[in-house]
Amino acid sequence: SVQTLFQPIKNLSFHGDAHWFWLDRGKDAWYDATKAPLRRSADGKVRHFVGTELDTYVKLTLWDKKLSFWGGYSHFFRGGYVKDTRQDRDQDWVFLQGEVKF
């Protein structure tokens with residue numbers, strides 16, 4: 001992955017991240033949190049490259065870095081594996097996140 005950061009003031013930062021995903025093995029699958037396969041090709045032959053994710057987000061940190069708020073946009077560009085297993089388009093999403101440190 002590649003990450004960039006621009007911090008114009010102490011408590012505010014702008015981020016840009018890029019991530020690339022591959023399968024461990026050619027006959028592997030994409031798994032959910034319970035380790036159940038989400039998608040598998042019918043013949044078990046797929047390309048290893050899953051896809052690329054680009055993230056842009058803003059982070060605001062308060063109270064000596066104990067409280068943070070994040071908000072951003074992400075885009076997933078499907079790779080050969082996702083195309084081989086019948087995903088018809090790229091995916092977009094926005095996110096909001098809060099973090100409290102004790």
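The values are calculated or read from the model by the stated rules, or taken from the named source; none is laboratory data. A quick note: this is a predicted structure, and the numbers were derived from the prediction, not measured. Quick reminder, even Gly has a Cβ in these numbers, built from the backbone with ideal geometry, and neighbours come from all protein chains shown. Protein only, heavy atoms only, side chains kept; ligands, DNA and RNA dropped before computing areas. Shrake-Rupley method; radii C 1.70, N 1.55, O 1.52, S 1.80 Å.
Can we say residue 41 is modelled with pLDDT under 90 and either in contact with a Ser or Thr (Cβ under 6 Å, 6 or more places away or on another chain) or polar (S, T, N, Q) (or both)?
yes
Just the residues that are among the polar types (S, T, N, Q), open to solvent by less than 100 Å² (accessible area, probe 1.4 Å) and assigned to a loop (DSSP other than H, G, I, E, B), please, taken from segment 1-38.
Within segment 1-38, 11 is the sole residue that qualifies.
Name the single residue that is modelled with the highest pLDDT among those in segment 46-61 being open to solvent by 60 Å² or more (accessible area, probe 1.4 Å) and over 12 Å from the mean Cα position of the chain (by Cα).
Checking each candidate, the answer is 60.
Of the conditions (1) at pLDDT 95 or above; (2) surrounded by fewer than 12 Cβ atoms within 10 Å (Cβ to Cβ), residue 69 satisfies every one except a single condition; which number is it?
(2)
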